[in-house]
Structure formats: C-alpha cells, structure tokens
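Down below is the structure, laid out as structure tokens.
The values are calculated or read from the model by the stated rules, or taken from the named source; none is laboratory data. These numbers were taken from a predicted model, which means no experiment stands behind them. Using ideal geometry, Cβ is built from the backbone for each residue, glycine included, and neighbour counts are taken over all protein chains shown.
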Amino acid sequence: MNELFSVKDRVVVITGGTGVLGACIGEYLAKQGAKVVLMGRRKEEGDRIVDKIRAEGGEAMFLVTDVMNPEVVQKNCDDIIAAYGRVDALLNAAGGNMPGATIAPTGTIFDIKVEEFQKVLNVNLTGTVIPTQIFLKPMVEAGCGAIVNFSSMAAFRPMTRVLGYAAAKAGISNFTAFLA
C-alpha cells in the first residue's frame with residue numbers, strides 16, 4: 001500500500017467547514033483517517049456534519065469562528081493544539097459572494113455597492129490571510145505542515161459578473177504565490 005499521500009492521523013483544519021466544499025472535503029478526509037477540525041459560523045450545521053463524520057467512524061470536531069477576527073481564530077488554534085497537540089494542514093475554504101458585489105446582466109460597474117464589495121473582499125481574502133498567519137506559526141515550530149488556499153478561475157479571467165468575488169480570489173492567488 002502506498003502511504004506517500006496518506007492523511008491518516010493528520011490534524012486537518014478547514015475554515016468554511018460548514019460550506020459545501022469545506023464539509024464535503026472534511027467528510028472525505030475523515031474517511032481517509034484524518035482528524036478533521038471544521039471551523040465556521042453556523043454551529044448547528046457544524047455539529048450536524050461532525051455527527052455524520054463520527055457516525056461513519058471518523059474523528060472530527062467543530063469550532064465556531066470568525067475568520068476576520070484574529071482573536072477568535074487564535075482561540076480556535078489554541079483549542080486545536082490543546083486537543084490534538086499540533087496542526088498538520090490548513091484548508092482556507094471560507095468565502096462567498098454577495099449580490100451587491102455582483103454586476104447584474106443589465107447592470108454596469110456603477111451598480112456595485114462598495115460596502116458589499118468590501119465585505120466580499122474581507123471574508124474571502126482577509127479571511128484567508130488571518131487564519132494563515134495564525135495556523136502557520138505552529139507549523140513552522142513543528143517544521144512541517146501544509147496550507148491550501150481556495151481560489152477560483154474567476155481570479156484569472158473575468159468569466160462572469162462577480163466582480164467582488166473575482167477580485168478577492170485574485171488576491172488569494174497572489175497571496176498564495178507570495179507565500180510560496
């Protein structure tokens with residue numbers, strides 16, 4: 001059996017853990033033997049996903065978070081270190097879009113609501129930078145770890161009218177290249 005890419009017993013933290021991508025990835029990694037920590041805003045949904053993972057024999061926990069608040073994310077990290085002793089991987093899957101940061105088919109750039117554009121930038125881009133800063137520290141101390149940031153093809157080419165989302169994802173792609 002090839003164990004080169006095994007995640008068995010690895011502690012994997014997933015922001016946006018109650019979203020479609022975060023939850024599905026968390027469930028899959030738990031089936032592969034990872035100790036999954038889902039982080040998100042929706043406690044009830046997070047608890048439901050963790051219960052499902054545990055019912056299928058996996059190991060998981062859920063922590064309520066706010067990826068734009070360094071104090072909350074630091075507390076999450078401290079709780080994970082207390083429970084598992086380390087963090088092996090961080091998947092930055094938190095994100096989303098808002099109607100006001102999108103140009104409708106009949107709209108123009110003048111229809112963008114700057115406040116909603118800023119919120120989309122914050123949850124996607126800042127919500128990737130803050131967890132990276134915090135969870136990278138124990139990885140550096142351990143001398144190993146992996147971070148996966150979720151971007152989009154919209155970052156490289158304006159495929160749709162999701163201006164705020166595309167700008168945020170372009171920022172994530174640039175941030176990831178910077179880190180590398």
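Here are a few things to note about the model shown:
- Yes/no for Ala104 being of a type outside the set (Ser, Thr, Tyr) and either closer than 13 Å to Tyr165 by Cβ or in contact with a strand residue (DSSP E or B) (Cβ under 6 Å, 6 or more places away or on another chain) (or both): no
- Residue that is farthest from the chain's Cα centre (by Cα) [pool: residues in the range 110-125 that are surrounded by fewer than 19 Cβ atoms within 10 Å (Cβ to Cβ) and of a type in the set (S, T, N, Q)]: Gln118
Conditions tested, residue by residue: (1) under 19 Å from Ser152 (Cβ atoms); (2) of a type outside the set (Asp, Glu); (3) modelled with pLDDT under 95.
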position: Asn97; (1), (2), (3): yes, yes, yes
position: Thr102; (1), (2), (3): yes, yes, yes
position: Thr106; (1), (2), (3): no, yes, yes
position: Glu115; (1), (2), (3): no, no, no
position: Lys119; (1), (2), (3): yes, yes, no
position: Asn122; (1), (2), (3): yes, yes, no
position: Leu125; (1), (2), (3): yes, yes, no
position: Thr132; (1), (2), (3): yes, yes, no
position: Lys137; (1), (2), (3): no, yes, no
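- Criterion: farther than 26 Å from Ser151 by Cβ, in contact with a strand residue (DSSP E or B) (Cβ under 9 Å, 6 or more places away or on another chain) and modelled with pLDDT of 95 or more - qualifying residue of Arg54, Arg10: Arg54
- For Gly17, the conditions (1) out of contact with any Gly (no Cβ under 9 Å at 6 or more places or on another chain); (2) within 24 Å of Asn122 (Cα to Cα) all hold with the exception of (1).
- Single unsatisfied condition, Ser152 versus (1) under 30 Å from Lys35 (Cβ atoms); (2) modelled with pLDDT of 95 or more: (2)
- Restricting the range 36-56 to residues that are more than 18 Å from Gly96 (Cα to Cα) and in contact with a helix residue (DSSP H, G or I) (Cβ under 6 Å, 6 or more places away or on another chain) leaves a set whose member that is surrounded by the most Cβ atoms within 10 Å (Cβ to Cβ) is Val36.
- Some residue of the range 74-89 being of a type in the set (Ser, Thr, Tyr), touching a strand residue (DSSP E or B) at 6+ places or on another chain (Cβ under 8 Å) and surrounded by fewer than 22 Cβ atoms within 10 Å (Cβ to Cβ): yes
- Filtered residues of the range 88-124 (kept if aromatic (Phe, Trp, Tyr) and free of Cβ contacts under 8 Å to residues at least 24 places away in the same chain): Phe110
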